[in-house]
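The values are calculated or read from the model by the stated rules, or taken from the named source; none is laboratory data. Computed from a prediction, not measured in an experiment: that's the story for all the values here. Glycine also receives a Cβ, built like all others from the backbone with ideal geometry; neighbour counts cover every protein chain displayed. The protein model used for the area step is the full one, side chains on, heavy atoms only, and it has no ligands, DNA or RNA in it. Shrake-Rupley method; radii C 1.70, N 1.55, O 1.52, S 1.80 Å.
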Amino acid sequence: MQTPSRSQFVTITAWLSLALALLGVVTGVLQGVMLLATGQDRGLLDALTAGAGGLAMPAPLLWAFDHLGLLLLLSVLSSALWAAASWGLLQRREWGRFGFIVLLAAGALFAFAGAFAFDRLLAGLTAQAGLDPADIDPLLANMQAATRLVMYGGALLIALLHAAIAWKLCTPAVRAEFR
């Protein structure tokens, strides 16, 4: 029985993803060390809130500041999952291919969720201020519109790239490489 040839696409994709995932783990651990070493200063958050013209900090942003350690841990775990799936992909293991595809889909969904959450945050801040950005300066309204376009456009590009990679990983020729 002849062994299927190893495609450059899978090898390059796996190595790039493995390198980025390991970089994510290392930077996450370093950030965790910095967070533990410096502590979390609630005074800085209070000063930022007070310095914002009396506007209250949005609840999701307060939650994020209060749970930096948890968010950092989830980020490191996510990078570790990517590293494991990338290693499995590189080794041509079926679980690695399947896990990689699942993580690609999750990444696309999180890109849209992040864009939507940031859009809602901007809308909430605008509503809380009680001002229309166009009343302040038309350029500000145009900048907000451009920000939304870039956020959702970027999420769409990420989703399309992830879909293309997932599709390629599902083609018969690539699937034949995995055991």
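Observations on the model:
- Of note, LEU161 satisfies the criterion of being free of Cβ contacts under 8 Å to residues at least 24 places away in the same chain, part of a helix (DSSP H, G or I) and surrounded by 13 or more Cβ atoms within 10 Å (Cβ to Cβ).
- Every pair of residues 6+ apart whose Cβ atoms lie under 7 Å, when the first sits in the range 107-124 and is over 21 Å from SER75 (Cβ atoms) while the second is open to solvent by less than 60 Å² (accessible area, probe 1.4 Å): ASP119/MET151; LEU122/GLN144; GLY124/PRO58
- Within the range 57-79, residues that are without any contact (Cβ under 8 Å) to a residue 40 or more places away in the chain reach partners that are outside any helix (DSSP H, G or I) and open to solvent by 40 Å² or more (accessible area, probe 1.4 Å) with beta carbons closer than 7 Å, at six or more positions or on different chains, in the pairs LEU68/GLN40.
- The criterion of being surrounded by 15 or more Cβ atoms within 10 Å (Cβ to Cβ), at positive phi and either among the polar types (S, T, N, Q) or in contact (Cβ under 8 Å) with a residue 60 or more places away in the chain (or both) holds for ARG92.
- Options ALA56, ALA83; residue that is within 30 Å of TYR152 (Cβ to Cβ), at pLDDT below 85, out of contact with any Asp or Glu (no Cβ under 6 Å at 6 or more places or on another chain) and not charged (D, E, K, R): ALA56
- All positions within the range 122-146 that are surrounded by 14 or more Cβ atoms within 10 Å (Cβ to Cβ) and closer than 28 Å to ALA105 by Cβ: LEU122
- The range 1-45 - residue that is in contact with a helix residue (DSSP H, G or I) (Cβ under 7 Å, 6 or more places away or on another chain) and not in a helix (DSSP H, G or I) and, of those, modelled with the lowest pLDDT: GLN40
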